[in-house]
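Notes for the one structure printed next.
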Amino acid sequence: MHVFYTPDILTNPELPKEEAAHCIRVLRLSTGDEITLTDGKGNFYLAEITAASNKRCSVIIKETKPQETLWHGHLHIAMAPTKNMDRNEWFAEKATEIGLDELTFLNCRYSERKVIKTERIEKILISAIKQSLKARLPKLNKMTDFDKFIAQDFIGQKFIAHCYEGEKPFLKDIVKANEDALVLIGPEGDFSEEEVSKAIAKGFIPISLGKSRLRTETAALVACHTLILTN
């Protein structure tokens, strides 16, 4: 089943330009064909193509199909992006397939990448919800400085994963089901000890993601999967 992302479908009965080109020029669909749309806000739509050209594709909605919530709680991963952009994109894609509500990139003391362009990541998120048949597009935030981020209000469970020695419970053993959850994942050089202390002072609970040493994007995906299995 081909799914097309149409965030404004209720006010504009046309596919966005890129989606229209894929529908008409690549898949060679035409007037009268039925297609599936999603607005990224929790709904699928069964629609019929009413007009088609190389650059435009108009539709009429025949049926609205709200998607049942696939997990409970708001699941948020905040991670320091890796130097290799491919790995950030890999995480964004896989986390969306598994399940995620919000993604923030953090600018930390030891971050290898201080700037990240979100336009391409946004396209990857859109592609991933279509491929995995999810009707909700994760919220993608701009890169945020660590201190500013942890100072924001967040209702729910807050965790920070780090590699410093000390007694740390496994995330899977303490995360509560059906509640909002936020996990901080540091850069390859880890959070600084000062950052860890600041996060704890703001109510973040130090956690372990297992006995293996994980790369940043792997740790973020493990945290995401653990939250999904709990919720």
ask   = Quick one: if you stick a label point 7 Å off each Cα along the C-beta vector at K65 and E18, how many nm between them?
value = 2.4
inquiry  = Tell me the label only: which of (i) 180; (ii) 116; (iii) 126 is volume of the Cα convex hull per residue in Å³ as calculated from this structure?
reply    = (iii)
ask   = Most exposed first by the Cβ proxy, i.e. fewest other Cβ within 10 Å, how do D147, D153 rank?
value = D153, D147
request  = Name the residues whose placed amide hydrogens come within less than 5 Å of the amide hydrogen of H162, ignoring near sequence neighbours (fewer than 5 apart) on the same chain.
outcome  = I207
message = Run the reach check for K202 against aspartates and glutamates, Cα to Cα strictly under 12 Å, same-chain hits fewer than 8 apart removed. What comes back?
response = D147, D153
message = Nearest 10 degrees is fine. How inclined is helix 216-230 to the longest principal axis of the chain, computing both from alpha carbons?
response = 80
At R0 = 35 Å, FRET efficiency that the Cβ-Cβ distance of R213 and K139 yields, to 0.05 = 0.70
task = Could you size up the charge dipole of the chain around its Cα centre, putting +1 on the beta carbon of Lys and Arg and -1 on that of Asp and Glu, and report it in debye to the nearest 20?
result = 400
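Of K130/K211; K41/K172; K83/K211; K55/K130, which ones are farther than 26 Å apart at the Cα?
Numbers: K130/K211 34 Å; K41/K172 29 Å; K83/K211 24 Å; K55/K130 21 Å.
From the list (K130/K211; K41/K172; K83/K211; K55/K130), the Cα-Cα distance tops 26 Å for K130/K211; K41/K172.
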request  = Return, ordered by residue number, the residues of the range 1-31 whose backbone nitrogen is under 16 Å from a label point located 7 Å along Cα→Cβ of L46.
outcome  = 1-4
remark   = Comparing S197, S132, S111 in a Gaussian network model of the chain (Cα, 10 Å), the one with the largest mean-square fluctuation is S197
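Just order 201-213, 71-83 by mean Cβ neighbour count inside 10 Å, highest at the front, would you? Write out the running numbers ahead of the final one.
Numbers: 201-213: 14.1, 71-83: 21.5.
Sorting 201-213, 71-83 by mean packing, highest first, produces 71-83, 201-213.
Every number here is computed from the coordinates shown, using simple stated rules; none is lab data. What you see is a predicted model, and the numbers here were worked out from it, not measured in a lab. Neighbour counts are summed over all protein chains in view; Cβ atoms, including those assigned to glycine, are modelled from backbone coordinates with ideal geometry.
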